[in-house]
Amino acid sequence: MSGVPIAVTGVGLVTPAGIGRRATWEGVCAGSSTARRDPSLAGLPVDISCTVPEFAPARHVGRRSALVHDRFTQLAITAAREAVRDTGLSPATWDGARVGVVIGCGLGGVSTWERQSRNLLEDGPHAVSALLIPMLVPNMVAGHLAMEFRVTGPNLVTATACASGSTAIGVAMGLLRDGSCDVVIAGGSEAGVSPLIVTGFAQMGALSRRTDEPRAASRPFSPDRDGFVIGEGSGVLVLEREADARARGARVRARLLGFGASADAHHMTAPDPQGVGQGRALTAALADAGVAPGDVGHVNAHGTSTPLNDAAEARLLGRVIGPGASVTSVKGVLGHSLGAAGAIEAALTVLSVQRATAPPTANLEVPDPEIDLDLVAKAPREQRIEIAVSNSFGFGGQNAVLVVGRA
């Protein structure tokens, strides 16, 4: 059933720009970075991050969930609740066997892992929580969402590094197209801001060292970009076949038209400089959607603010899509939320199409002269967008691309 359009009937977001769809949208359109000095990273070579502000677990997910779930699961529950409310569907009455959950996550419960490792080393085995494993393992985020929403259909977690969230949405499209599900809750969640993870990324040279000016550190497509700022968050979409959504009178925010995935088979962390593998994912997604490259009016780029990624992606977009599409990277505002990034950016692409607005790329004062793209900078651009693309590229050369159409 390739080519069957999928309706986005629910959107939920929890990001460094705020808790909820509205706060996140307003934040990315304001175009100001959320990066700041992070006390939890004090003393490390890189001590800046983009974290969700004022997220009180007991208030947002309940006291019990605050105790038994890692932060990455708490963020997903919060985003998913907003997304399901947005649909007008009721988990109390839907056929849970016809509903699926697919969530992307690259790391799992890293803060739990660090805390319990410290307990073991300092106080011995008796200090390790009996909930260590269910709080730690990535698959539990989908398991807990199934319990939350009475879902007994397919329950999956995808792990394709920074493409995990987009991959999850692509898998969800497949479940709807092949008739396995009538509704799928799909997205990504990550809470990887921890001393160990930040140190690991810093050691490989992936993070910006502009720690004296955090808000200027994430600067996609700028000539002086030097790495990303680590972030966290969750983006969740509720998907249905368009015909089903229309039949029940649902509001359709946008349509998912195509998905493509590929591997670079090039390097553990560096992208293929010419974006060959990325190009295969992009062309596959366009073919799945049945649209020509020239039909694309907007691209939500992966745009990590690293020298190699931005250059490779720019060459890819110039070669495949050409100069006619506006391009933005929301990582200038939100930082890089790793396995959640693709889902957050897919949700923002849906809102861009629905609201006829392309958000700006933060900190883009003067674009890299070697990057020949129509970059949105400094302020949102009003633009009627019929077809948009959301790119996600991960370590290991794992690529995922979504095509979004106006409803």
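Select from segment 159-190 the residues that are more than 23 Å from Gly396 (Cα to Cα) and assigned to a strand (DSSP E or B) and write down the one among them that is nearest to the chain's Cα centre (by Cα). Checked segment 159-190; the qualifying residue nearest to the chain's Cα centre (by Cα) is Ile185. The conditions of being surrounded by fewer than 17 Cβ atoms within 10 Å (Cβ to Cβ), more than 24 Å from Val401 (Cβ to Cβ), without any contact (Cβ under 8 Å) to a residue 12 or more places away in the chain and assigned by TED's automatic domain parsing to the domain that holds Val46 are met by Gly200.
Looking across Thr269, Thr304, one residue alone is closer than 18 Å to Leu338 by Cβ and modelled with pLDDT of 95 or more. It is Thr304. Does Ala289 satisfy being touching a residue at least 40 places away in the same chain (Cβ under 8 Å), over 26 Å from Leu207 (Cα atoms) and surrounded by fewer than 24 Cβ atoms within 10 Å (Cβ to Cβ)? No. Within segment 107-150, the set of residues being outside any helix (DSSP H, G or I) and β-branched (Val, Ile, Thr) comprises Val128, Val137. Would you confirm, using the coordinates I've provided, whether Leu75 is part of a loop (DSSP other than H, G, I, E, B), in contact (Cβ under 8 Å) with a residue 40 or more places away in the chain and either of a type outside the set (Phe, Trp, Tyr) or in contact with a Pro (Cβ under 9 Å, 6 or more places away or on another chain) (or both)? Judged against the criteria, Leu75 is not a match. Could you tell me whether segment 386-403 includes any residue that is closer than 21 Å to Ser33 by Cβ, outside any strand (DSSP E or B) and either modelled with pLDDT of 95 or more or assigned by TED's automatic domain parsing to the domain that holds Ser218 (or both)? Scanning segment 386-403, I find no residue that is closer than 21 Å to Ser33 by Cβ, outside any strand (DSSP E or B) and either modelled with pLDDT of 95 or more or assigned by TED's automatic domain parsing to the domain that holds Ser218 (or both), so the answer is no.
For segment 294-301, the criterion of being free of Cβ contacts under 8 Å to residues at least 40 places away in the same chain and either more than 24 Å from Ala217 (Cα to Cα) or polar (S, T, N, Q) (or both) is met by at least one residue. Residues that are in contact with a Pro (Cβ under 7 Å, 6 or more places away or on another chain) and of a type in the set (Lys, Arg) within segment 210-249 comprise just one, Arg225.
The values are calculated or read from the model by the stated rules, or taken from the named source; none is laboratory data. All values derive from a computational prediction rather than experimental measurement. Cβ atoms come from the backbone with ideal geometry, glycine included; neighbour counts cover every protein chain shown.
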